[in-house]
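Enquirer: The following block contains the structure, expressed as structure tokens.
The values are calculated or read from the model by the stated rules, or taken from the named source; none is laboratory data. For clarity, every value in this text was computed on a predicted model and none was experimentally measured. Methodologically, a virtual Cβ is constructed for each residue, glycine included, from the backbone with ideal geometry; neighbour enumeration extends over all protein chains shown.
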């Protein structure tokens, strides 16, 4: 297993290289450049744009610029933001905790609740509960998160005033619950779509397992119903659920852009949008590498979980 | 649970589907409350004194006299929470481009002079100025009490350092060309000299700026935030932008000290008890960032923020949203003229735009009054010129009142090809109102025989097309009149400027230069009024209207130059226009005099 993990980690390097080449190429082929992005359409700019292009190295051929960038990255220098001058590592790094927190909480909520609802739905197939959950799940999957964010703000922030409207914390607040209260709405809204998807997949997967012969055997042995459901049925139904949950990671990362904007959550999604608008290539490349690494790691974790959950799966 | 029959399932599905449809059709804007929102408790404005009438400053456009209760007695202490609708990226004064950054700098730093509240003149901040009678030099005597937040005195060396760095091309300064009016500034920027000959330190409290030529223009440049040489003097100019000073820990000499900047969240400032003009009335200012208009609306209604500071477009400007603000007893609205106007531009490099009758026809073809009243909720004013600066006091000779008959006549006389299709390039629409406005203009141009296709380009692509490649046909874009007419004309209309419209000629260059070199404000005024007449006649770039800047304040806020009305009108159109058009940078003026009630 260790060799498998090492092999997978080593395989990520050429994959990241390929991703970086594709991302760098397409970024630079897009119309406009970082210097024109600095020109406010309303008021223009006093910058000497040609001199700035020269200074930023934008006049060099694309392969040379990529090689220069790669050489610095290998040395651990991801460069400086074109717009603020801050190191890219710092620009991204200060936003990682907020994004990881939001994603983790949303993922935990959606996974735990989604599995629970899916199991309940499967156990009570064709009941009012099952149909109700199906309809609600379809609704949550179909309606964009922006709508739920507005509803949440209207009900909980404006009408009931139970929860704060925006931000990650109230400046200067010493209430230990202040930050968790700020987290509830954005994490809740972000988790809805994933929760619905997880519930549906869990239900479907459980139904495949519940009526198999070994389940009949387990019941016939007189095992408690909870044990039969959780240890025998759910464990065997877990493989597709692991796949769905691991695939949620990049979706949550992308979907967080809307939620971060609605609730003013200082995450990487907002930084990505800003960097795209500003053509801040160093920051965009840093974000691309980070996101790609995250997806590759989550796939690796999913593969390892398969082996843990299903003893029949072994990696050479 | 019992299994459901198919009939039950169909009934449930119908009910559920209907509920979902109703929910989906719910307006995104929260409905008007049926009861008063539970905002922070406020007291009604003090009614002890008789209502006062605020007189407009000289030369200002007539505004409705505001018969209002005076502001509450000056309070001290408390925290002001302005709302920013955009991220605070950095506080580098050489590369700042947004109101967010300028407001921060106005609080943390000092400048030699600052625009007056009515934007008609520059007035003393860090220094008193003495100008040579012909405008060939300016001598500044610094306030001896002025200190940086670390206790070091503000000296002439700091001023010299700041202006020298503003002329250094390695700092990416956006004032390079503007400050080239300082003697030797251009040579220094080009790397031909090691210092700027025209910046002369006379003694620790006195500095003189000599000009390349006599001009009254330099005073406009005295709003630059003064940086501490003892902290930044050892940093290479190219590395200045990367310093933590420019992000987290600026040290200025302003009324407030930087405490903490949280990315995309807030910027906290604390009062500077040693401020040279007296301790600020507030204990602190906490700028909070809320980019989403609906969240900003809720935050204002709940009292989580005190007012929307920058940019004003951070709130929803739809008429019903503004009426909702006015319905809240704890809020009041201020409407100010906006330096940004909506414009329709041309490319005079193209032969069919070169006849001014064609351009005049376009101006006559657009029913601006109707668009403002029916689509913009009446909160815009018609403008006919970029010469909107209060001290220029320019009145356009022709206001191009809607006249489609005259428009068609002019086009016919000019030999316009009525089969021609013209592409109008704009940046993406930001609202339904904006889209409706564009559609209205397109229809009105079509009615006089000008067929247009509208394309939306991403901002940097649009900027390249208009400012660099000049490959546009027509443009529809908001544009600002800049803080001074000279800056506007240099940028947009000179041969060696961006010259987006392609209107520059040697004669017009000479006229613009005459305004730059005029030694007094009166002399400059005459030049700019003449330029205003020429642009009004030739219409190389049609200035359509200016959407007012709308600011929503919590009644607990006391502002030195704004008086809260005792009662709110029903619609934003009925809110009187306050003050003169504020040129950039921000109108956020004298933050040390602001107050909040507990």
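Enquirer: Can residue B:401 be described as under 27 Å from residue B:377 (Cβ atoms) and in contact (Cβ under 8 Å) with a residue 60 or more places away in the chain?
Expert: On the way: under 27 Å from residue B:377 (Cβ atoms): yes; in contact (Cβ under 8 Å) with a residue 60 or more places away in the chain: no.
So residue B:401 fails the test.
Enquirer: Is it true that some residue in segment B:458-481 is part of a loop (DSSP other than H, G, I, E, B), in contact with a helix residue (DSSP H, G or I) (Cβ under 7 Å, 6 or more places away or on another chain) and under 21 Å from residue B:178 (Cβ atoms)?
Expert: The initial filter retains those residues of segment B:458-481 that are part of a loop (DSSP other than H, G, I, E, B), namely B:458, B:470-473, B:481.
Retained after the next criterion (residues that are in contact with a helix residue (DSSP H, G or I) (Cβ under 7 Å, 6 or more places away or on another chain)): B:471-472, B:481.
Cutting the leftovers down to under 21 Å from residue B:178 (Cβ atoms) gives us B:481.
Yes, segment B:458-481 has at least one match.
Enquirer: Please enumerate the residues belonging to segment A:169-183 that are within 11 Å of chain B (Cβ to nearest Cβ) and closer than 21 Å to residue A:196 by Cβ.
Expert: The answer is none; no residue qualifies.
Enquirer: Does residue A:113 satisfy being within 11 Å of chain B (Cβ to nearest Cβ), touching a residue at least 60 places away in the same chain (Cβ under 8 Å), in contact with a helix residue (DSSP H, G or I) (Cβ under 6 Å, 6 or more places away or on another chain) and in a helix (DSSP H, G or I)?
Expert: Values: within 11 Å of chain B (Cβ to nearest Cβ): no; touching a residue at least 60 places away in the same chain (Cβ under 8 Å): yes; in contact with a helix residue (DSSP H, G or I) (Cβ under 6 Å, 6 or more places away or on another chain): yes; in a helix (DSSP H, G or I): yes.
When the stated conditions are applied, residue A:113 does not pass them.
Enquirer: So for segment B:434-447 (the condition being within 23 Å of residue B:503 (Cβ to Cβ), outside any helix (DSSP H, G or I) and touching a residue at least 12 places away in the same chain (Cβ under 8 Å)), does at least one residue qualify? First the steps, then the outcome.
Expert: Of segment B:434-447, the ones within 23 Å of residue B:503 (Cβ to Cβ) are B:441, B:445.
Among the residues that remain, those that are also outside any helix (DSSP H, G or I) are: none.
Scanning segment B:434-447 turns up no residue that is within 23 Å of residue B:503 (Cβ to Cβ), outside any helix (DSSP H, G or I) and touching a residue at least 12 places away in the same chain (Cβ under 8 Å).
Enquirer: Ok, one more. Could you tell me which residue of segment B:469-489 is surrounded by the most Cβ atoms within 10 Å (Cβ to Cβ), considering only residues that are at the interface with another protein chain (Cβ under 10 Å from one of its Cβ atoms) and at pLDDT 90 or above?
Expert: That would be B:488.
Enquirer: Moving to a separate point now. Kindly list the number of the only condition in (1) within 17 Å of residue A:117 (Cα to Cα); (2) modelled with pLDDT of 85 or more that fails for residue A:244.
Expert: Looking at each condition in turn, residue A:244 falls short on (2).
Enquirer: Here's a follow-up. Do we have any residue at all in segment A:180-189 that's modelled with pLDDT of 90 or more, closer than 30 Å to residue B:270 by Cα and in a loop (DSSP other than H, G, I, E, B)?
Expert: No, every residue in segment A:180-189 fails to be modelled with pLDDT of 90 or more, closer than 30 Å to residue B:270 by Cα and in a loop (DSSP other than H, G, I, E, B).
Enquirer: From the set of residues in segment B:551-578 that are closer than 23 Å to residue B:373 by Cβ and modelled with pLDDT under 85, which is surrounded by the most Cβ atoms within 10 Å (Cβ to Cβ)?
Expert: Once the filter is applied, the top-ranked residue is B:578.
Enquirer: For residue B:528, all conditions in the list (1) part of a helix (DSSP H, G or I); (2) more than 12 Å from chain A (Cβ to nearest Cβ); (3) at pLDDT below 95; (4) surrounded by 21 or more Cβ atoms within 10 Å (Cβ to Cβ) hold save one; what is the number of the exception?
Expert: Tallying (1) part of a helix (DSSP H, G or I); (2) more than 12 Å from chain A (Cβ to nearest Cβ); (3) at pLDDT below 95; (4) surrounded by 21 or more Cβ atoms within 10 Å (Cβ to Cβ), residue B:528 fails exactly one: (3).
Enquirer: Further question on the same structure: Going residue by residue through segment A:26-34, is there one that turns out to be without any contact (Cβ under 8 Å) to a residue 60 or more places away in the chain and within 25 Å of the chain's Cα centre (by Cα)?
Expert: Looking through segment A:26-34, at least one residue is without any contact (Cβ under 8 Å) to a residue 60 or more places away in the chain and within 25 Å of the chain's Cα centre (by Cα).
Enquirer: Considering only segment B:258-284, state which residues are part of a strand (DSSP E or B), in contact (Cβ under 8 Å) with a residue 40 or more places away in the chain and closer than 22 Å to residue A:84 by Cβ.
Expert: The answer is B:258, B:261, B:267, B:269.
Enquirer: Which condition does residue A:129 not pass, out of (1) surrounded by fewer than 17 Cβ atoms within 10 Å (Cβ to Cβ); (2) more than 11 Å from chain B (Cβ to nearest Cβ), if it passes all the others?
Expert: In the conditions (1) surrounded by fewer than 17 Cβ atoms within 10 Å (Cβ to Cβ); (2) more than 11 Å from chain B (Cβ to nearest Cβ), residue A:129 misses (2) alone.
Enquirer: Looking only at segment B:448-457, which residues are touching a helix residue (DSSP H, G or I) at 6+ places or on another chain (Cβ under 8 Å), within 14 Å of chain A (Cβ to nearest Cβ) and either touching a residue at least 40 places away in the same chain (Cβ under 8 Å) or surrounded by fewer than 17 Cβ atoms within 10 Å (Cβ to Cβ) (or both)?
Expert: None - no residue of segment B:448-457 is touching a helix residue (DSSP H, G or I) at 6+ places or on another chain (Cβ under 8 Å), within 14 Å of chain A (Cβ to nearest Cβ) and either touching a residue at least 40 places away in the same chain (Cβ under 8 Å) or surrounded by fewer than 17 Cβ atoms within 10 Å (Cβ to Cβ) (or both), so the list stays empty.
Enquirer: Moving on. Given the conditions (1) buried (at least 18 other Cβ atoms within 10 Å of the Cβ); (2) in contact (Cβ under 8 Å) with a residue 12 or more places away in the chain, which single one is not true for residue B:464?
Expert: (2) is the only condition that residue B:464 fails.
Enquirer: Filter segment A:133-168 for residues that are within 7 Å of chain B (Cβ to nearest Cβ) and in a helix (DSSP H, G or I); which is surrounded by the most Cβ atoms within 10 Å (Cβ to Cβ)?
Expert: That would be A:153.
Enquirer: Right, something else. For residue B:187, state whether it is more than 28 Å from the chain's Cα centre (by Cα), at negative phi, within 14 Å of chain A (Cβ to nearest Cβ) and not in a loop (DSSP other than H, G, I, E, B).
Expert: On the way: more than 28 Å from the chain's Cα centre (by Cα): yes; at negative phi: yes; within 14 Å of chain A (Cβ to nearest Cβ): no; not in a loop (DSSP other than H, G, I, E, B): yes.
Criteria not met by residue B:187.
Enquirer: Testing residue A:124 on (1) in contact with a helix residue (DSSP H, G or I) (Cβ under 7 Å, 6 or more places away or on another chain); (2) within 20 Å of residue A:194 (Cβ to Cβ); (3) surrounded by fewer than 18 Cβ atoms within 10 Å (Cβ to Cβ), one condition comes back false. Which one is that?
Expert: (2)
Enquirer: When residues of segment B:124-139 are filtered for being surrounded by fewer than 22 Cβ atoms within 10 Å (Cβ to Cβ) and either part of a strand (DSSP E or B) or within 14 Å of chain A (Cβ to nearest Cβ) (or both), how many remain?
Expert: Filtering segment B:124-139 down to residues surrounded by fewer than 22 Cβ atoms within 10 Å (Cβ to Cβ) leaves B:124, B:128-134, B:136-137, B:139.
When the remaining residues are screened for being either part of a strand (DSSP E or B) or within 14 Å of chain A (Cβ to nearest Cβ) (or both), the result is B:124, B:128-131, B:137, B:139.
Selection size over segment B:124-139: 7.
Enquirer: Specify the residue that is nearest to the other protein chains (Cβ to nearest Cβ); the eligible residues are those in segment B:156-184 that are part of a loop (DSSP other than H, G, I, E, B) and touching a residue at least 60 places away in the same chain (Cβ under 8 Å). So that I can check it myself, show each step before the final result.
Expert: Start the filter on segment B:156-184 by keeping residues that are part of a loop (DSSP other than H, G, I, E, B), which leaves B:167-168, B:172-177, B:183-184.
Those left that are additionally touching a residue at least 60 places away in the same chain (Cβ under 8 Å): B:168, B:172-175, B:177.
On the way: B:168: 12, B:172: 7, B:173: 8, B:174: 4, B:175: 6, B:177: 6 Å.
Among those residues, the one meeting the criterion is B:174.
Enquirer: Continuing with the same structure: If you go through segment B:259-287 one residue at a time, how many are away from every other protein chain (no Cβ under 13 Å) and surrounded by fewer than 23 Cβ atoms within 10 Å (Cβ to Cβ)? First the steps, then the outcome.
Expert: The initial filter retains those residues of segment B:259-287 that are away from every other protein chain (no Cβ under 13 Å), namely B:271-282.
Subset that is surrounded by fewer than 23 Cβ atoms within 10 Å (Cβ to Cβ): B:271-279, B:281.
Result for segment B:259-287: 10.
Enquirer: For segment B:78-123, enumerate the residues that are away from chain A (no Cβ under 14 Å) and in a loop (DSSP other than H, G, I, E, B).
Expert: Answer for segment B:78-123, where residues must be away from chain A (no Cβ under 14 Å) and in a loop (DSSP other than H, G, I, E, B): B:109, B:110, B:111, B:112, B:116, B:117, B:118, B:119, B:120, B:121.
Enquirer: Which count do you get for residues in segment B:243-258 that are touching a helix residue (DSSP H, G or I) at 6+ places or on another chain (Cβ under 8 Å) and more than 9 Å from chain A (Cβ to nearest Cβ)?
Expert: Kept after step one, since they are touching a helix residue (DSSP H, G or I) at 6+ places or on another chain (Cβ under 8 Å), are these residues of segment B:243-258: B:243, B:245-246, B:250-252, B:254-258.
Next cut, more than 9 Å from chain A (Cβ to nearest Cβ) only: B:245, B:250-252, B:254-258.
Count: 9.
Residues checked against (1) within 14 Å of another protein chain (Cβ to nearest Cβ); (2) farther than 25 Å from residue A:101 by Cα; (3) modelled with pLDDT of 85 or more:
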{"residue": "A:215", "(1), (2), (3)": "no, yes, no"}
{"residue": "A:227", "(1), (2), (3)": "no, yes, no"}
{"residue": "A:236", "(1), (2), (3)": "no, yes, no"}
{"residue": "A:248", "(1), (2), (3)": "no, no, no"}
{"residue": "A:251", "(1), (2), (3)": "no, no, no"}
{"residue": "A:256", "(1), (2), (3)": "yes, no, no"}
{"residue": "A:265", "(1), (2), (3)": "yes, no, yes"}
{"residue": "A:275", "(1), (2), (3)": "yes, no, yes"}
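Enquirer: Please note which helices (runs of 4 or more DSSP H) are completely contained in segment A:1-83 and include at least 2 residues that are more than 14 Å from every other protein chain (Cβ to nearest Cβ) and buried (at least 16 other Cβ atoms within 10 Å of the Cβ). Explain how you work it out, then say what you get.
Expert: On the way: elements: A:2-29, A:34-37, A:49-55, A:62-74.
Ranges flagged: A:2-29, A:62-74.
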